[in-house]
Amino acid sequence: MAMEITAEAEALRQDILSKLTYEVGGRAERASARDWFLAATLATRDRIVDRWRASNDETVAQGHKRVCYLSMEFLIGRLLSDALGNLGLTEAMRQALDGVGVDLEEVCAQEPDAALGNGGLGRLAACFMESMASIGIPAVGYGIRYENGLFRQLIQDGRQMEVPEDWLSLGNPWEFERSGITYDIGFGGHVVRRPDGGLVWHPGEVVRAIAYDTPVVGWRGHWVNTLRLWSARATDPLHLDAFNSGDHVGAQLTRMQAEAISRVLYPGDENAAGQELRLRQEYFFASASLQDLIQRHLRLYGDIATLAEKVAVQLNDTHPAIGVAELMRLLVDVQGVEWDRAWDIARATFSYTNHTLMPEALESWPVALMERLLPRNMQIIYLINARHLEKARQQGANDALLSAVSLIDEHHGRRVRMGHLAFVGSHKINGVSALHTGLMRSTVFAELDRVCPGRITNKTNGITFRRWLMRANPGLTSLIVETIGPRVLDEPERLADLAPYARDAAFQRAFAAQRRKAKESLTRLVRARTGVMLDPASLFDVQVKRIHEYKRQLLNILHTVALYNSMRAQPMGSWVPQTKIFAGKAAPSYHQAKLIIRLANDVGKVINSDPTVRDLLRVVFIPNYNVTLAESIMPAADLSEQISTAGLEASGTGNMKFALNGALTIGTLDGANIEISERVGLENIFIFGLRASEAGPLRRDGYDARAAVAGNDELRGVLDAIASGVFSPEEPDRYRALVEGLLAHDNFLVTADFASYVATQRQVAQRWGQPAEWWRSAVLNTANVAWFSSDRTIREYADEIWDLPVR
Ligand SMILES: *Cc1c(COP(=O)(O)O)cnc(C)c1O
């Protein structure tokens, strides 16, 4: 390369070579891509550490309030390209690696995807961490350092197979093990009364939590926060007593039992052992995090009474809700704070984000399990409940209301309602989109809202544009910067300046050219991973997200089959060539979701090998959806499928990533789709189907799918084809039960929305046939979704929940 290497790049190059030699133990002439990745990451990390320390020092010196974001999941994905981008070092690193004959992209591709989460909830936590660092809000994310994150998905013969994701197997160059930061976490045992009347818990078992810290660099590297993940260790790893007494295996088992806590994300919870492990995980990380933040507070400020002035603890869903009882235990039993004072501190400290209204997803734990595993915490929950119910009674609550607001559900074998515990113990409770918050207020928390009014607030989710636009779509980012200037990189609101270009033919061409490049690149990826050849000129119609019945991948598959049937009936018709792209994981024990994956694959297999539709329709299921794959898919999507049953998707964030990259949405009026439609305008989004206000009652009162199917020939043809084995000729009955189930109880109203969905898909195809109109809408999507930046969301949390000054 003729370009002169900058001083910054030269310094990086030397550091990388030094890291390679002295840390990785490699030689430049024989180093693997993985070795270069380690060396490049260590060199990058060195450029973060001083800023990290400075952020910490400033927080301490100024006595800043700090956000502690407690989340069972952090779906952070890869970090190297993100850190380089935020530090402004991408080009220097490219040059530095060029200088040693290595390609930056190849090096970045060596990094395993840190899949410490499932989907939206975990990705939200990751976007929030990045935004807090970018805005300069002092924060620590607390979670679990799972040795195996979410499984890696393989597709074999169309079926999902799960294999462990060994993201730590080659070492993690980002993390710092803090062997000095450990806390003991108790389980089981019993509670005894001390001579002074106080209660102490004597756990039967103690597990040690060890901190691992990863720096989270904000935009332009001005501020660096910490992601602190806890790993479980046996307190007595050798279990010498047992070992010496000859029980060698028993000694090992005790250790494995302790360390199982940080082994996997989502232990299978179909059996009691799996459920218990999950509760252990929740208590483990909640307790370690609270002990940690209390210790820090006492070290810095010396007075537990001021805790809530210096710390805001956000509970990301109910997984850390046991923290409410745990903080009370630490304050009352350990710090000796009087109960009422402790309760005021706890309520001022905690706030809670609800992520779902679906009854089966609302967490509750059997009282008996709690009593056995966490006896003191269970007592405290009873004490909290007694005071809470007494207050409600004084306000005139009747028995029905008391039973509805009680922390104990007496109807299902006595269970602790974790959402209620989180609600009662928090000063603010937020939903994640306007619709979701409204429904929360009128359904799950309606009674609690009466008894504890004024706590519910909305904070519509957001995404970090650094990752989801600048890094995922550098081509489009360059075009945007060339067109409206670089300020947009710091002020996402400036995206609105693109709107005047929406009708500009030259700009539309440039915008479409970027899309085309991204589609070509995705086409290569799909071919390499699946062997399926896509046509980048076709309309890329994309549904990627967790596979779940409420997200209705099935509806999309039914449309695919309908399209296939129509194309076969009229192969010479004027069809829009279309590519249906699916990706997503199903929970390992969720059989129906796995069957839907298989159906998508089977439908693809038949359609892709049918010469009559060769140039018209392709279907592909890309295996192992994760953050890195999402970064390749979002820029390549023309159409974003957001088609959940209205009222069931709390917010969605995939919808925001697509719209930001200029895809048009086909969606129901659900979650944040509603707010997206308000911002991009109804003429630039394809809305269909039942509203939440219609779907809710229909689901409750029983909806008759058979009538809908009988009245729709197209739908009947589709279901007949699937049920009779057109897509599973080797096993014709494979999908019979699925179709019959749909007819008998269509819980998610797939058949109810089918006609509207198909008609709206026809409008999509028509719009695609008018490129000037299509690209105008696409540009207006990008221009009008700046509000969905997680920087905006975080500023709202800071202002209205955490009581933090926003800089
Ligand atoms: C954004 C994202 C999600 C959430 O997608 P939804 O469409 O909102 O469900 C899930 N998984 C990954 C990897 C993501 O990046």
- Message: Return the residues of the stretch 524-548 that are assigned to a helix (DSSP H, G or I) and without any contact (Cβ under 8 Å) to a residue 60 or more places away in the chain; say none if nothing qualifies.
- Response: Arg524, Arg527, Ala528
- Task: State the number of residues belonging to the stretch 627-659 that are more than 9 Å from the ligand (Cβ to nearest atom), of a type outside the set (S, T, N, Q) and surrounded by fewer than 24 Cβ atoms within 10 Å (Cβ to Cβ).
- Result: 1
- If you go through the stretch 148-159 one residue at a time, do you hit one that is closer than 30 Å to Thr793 by Cα, buried (at least 21 other Cβ atoms within 10 Å of the Cβ), among the aliphatic types (A, V, I, L, M) and in contact with a strand residue (DSSP E or B) (Cβ under 9 Å, 6 or more places away or on another chain)? yes
- Selection count where residues are under 22 Å from Ala114 (Cα atoms) and free of Cβ contacts under 8 Å to residues at least 24 places away in the same chain, scope the stretch 70-102: 1
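So, Val192, is that one out of contact with any His (no Cβ under 8 Å at 6 or more places or on another chain), in a strand (DSSP E or B) and surrounded by fewer than 19 Cβ atoms within 10 Å (Cβ to Cβ) or not? Step through it out loud before you land on a result.
Values: out of contact with any His (no Cβ under 8 Å at 6 or more places or on another chain): no; in a strand (DSSP E or B): yes; surrounded by fewer than 19 Cβ atoms within 10 Å (Cβ to Cβ): yes.
The answer is no for Val192.
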- Query: What number of residues within the stretch 86-127 satisfy the criterion of being within 16 Å of the ligand (Cβ to nearest atom), in contact with a helix residue (DSSP H, G or I) (Cβ under 6 Å, 6 or more places away or on another chain) and either assigned to a helix (DSSP H, G or I) or under 24 Å from Phe788 (Cβ atoms) (or both)?
  - Reply: 2
- Message: Among the residues that make up the stretch 139-147, is at least one of them within 15 Å of the ligand (Cβ to nearest atom), within 24 Å of Trp787 (Cα to Cα) and crowded, with 20+ Cβ neighbours inside 10 Å?
- Response: no
- Query: What do you reckon, is Gly662 assigned to a loop (DSSP other than H, G, I, E, B), buried (at least 24 other Cβ atoms within 10 Å of the Cβ) and away from the ligand (no atom under 16 Å from the Cβ)?
  - Reply: yes
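Residue-wise test of (1) in contact with a strand residue (DSSP E or B) (Cβ under 6 Å, 6 or more places away or on another chain); (2) part of a helix (DSSP H, G or I).
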{"position": "Asp292", "(1), (2)": "no, yes"}
{"position": "Arg296", "(1), (2)": "no, yes"}
{"position": "Arg299", "(1), (2)": "no, yes"}
{"position": "Leu315", "(1), (2)": "yes, no"}
{"position": "Gly323", "(1), (2)": "no, yes"}
{"position": "Arg347", "(1), (2)": "no, yes"}
{"position": "Leu357", "(1), (2)": "no, no"}
- Message: Looking only at residues that are hydroxyl-bearing (Ser, Thr, Tyr), surrounded by 17 or more Cβ atoms within 10 Å (Cβ to Cβ) and farther than 28 Å from Thr645 by Cα in the stretch 521-548, which one is nearest to the ligand (Cβ to nearest atom)?
- Response: Thr530
- Task: Could you tell me which of the residues Lys585, Lys551 is closer than 25 Å to Leu738 by Cα, out of contact with any Ser or Thr (no Cβ under 7 Å at 6 or more places or on another chain) and either within 16 Å of the ligand (Cβ to nearest atom) or without any contact (Cβ under 8 Å) to a residue 60 or more places away in the chain (or both)?
- Result: Lys585
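Please go through the stretch 91-129 and pick out each residue that is under 17 Å from Arg466 (Cα atoms) and crowded, with 20+ Cβ neighbours inside 10 Å. Lay out the reasoning, then the answer.
First pass over the stretch 91-129, keeping only residues under 17 Å from Arg466 (Cα atoms): 91, 108, 123-129.
Of everything in the stretch 91-129, those that are under 17 Å from Arg466 (Cα atoms) and crowded, with 20+ Cβ neighbours inside 10 Å turn out to be Cys108, Arg123, Leu124, Ala125, Ala126, Cys127, Phe128, Met129.
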- Does the stretch 68-85 hold any residues that are more than 14 Å from the ligand (Cβ to nearest atom), in contact with a strand residue (DSSP E or B) (Cβ under 6 Å, 6 or more places away or on another chain) and either among the aliphatic types (A, V, I, L, M) or on the phi > 0 side of the Ramachandran plot (or both), and which are they? Leu70, Ala83
- Item | In the stretch 721-736, the residues that are surrounded by 13 or more Cβ atoms within 10 Å (Cβ to Cβ) and of a type outside the set (Phe, Trp, Tyr) | Ala721, Ile722, Ala723, Ser724, Gly725, Val726, Ser728, Pro732, Arg734, Arg736
- Query: Out of (1) more than 18 Å from Val526 (Cβ to Cβ); (2) within 15 Å of the ligand (Cβ to nearest atom), the odd one out for Thr612 is which?
  - Reply: (2)
- Query: Residue check, Ala721 against (1) in contact (Cβ under 8 Å) with a residue 60 or more places away in the chain; (2) of a type in the set (Gly, Ala, Ser); (3) not in a helix (DSSP H, G or I), all met but one. Which one?
  - Reply: (3)
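Every read-out reported here was derived from the displayed coordinates using simple, explicitly stated rules and does not represent laboratory data. Computed from a prediction, not measured in an experiment: that's the story for all the values here. Please note: Cβ atoms are built from the backbone with ideal geometry, for glycine as well, and neighbour counts cover all protein chains shown.
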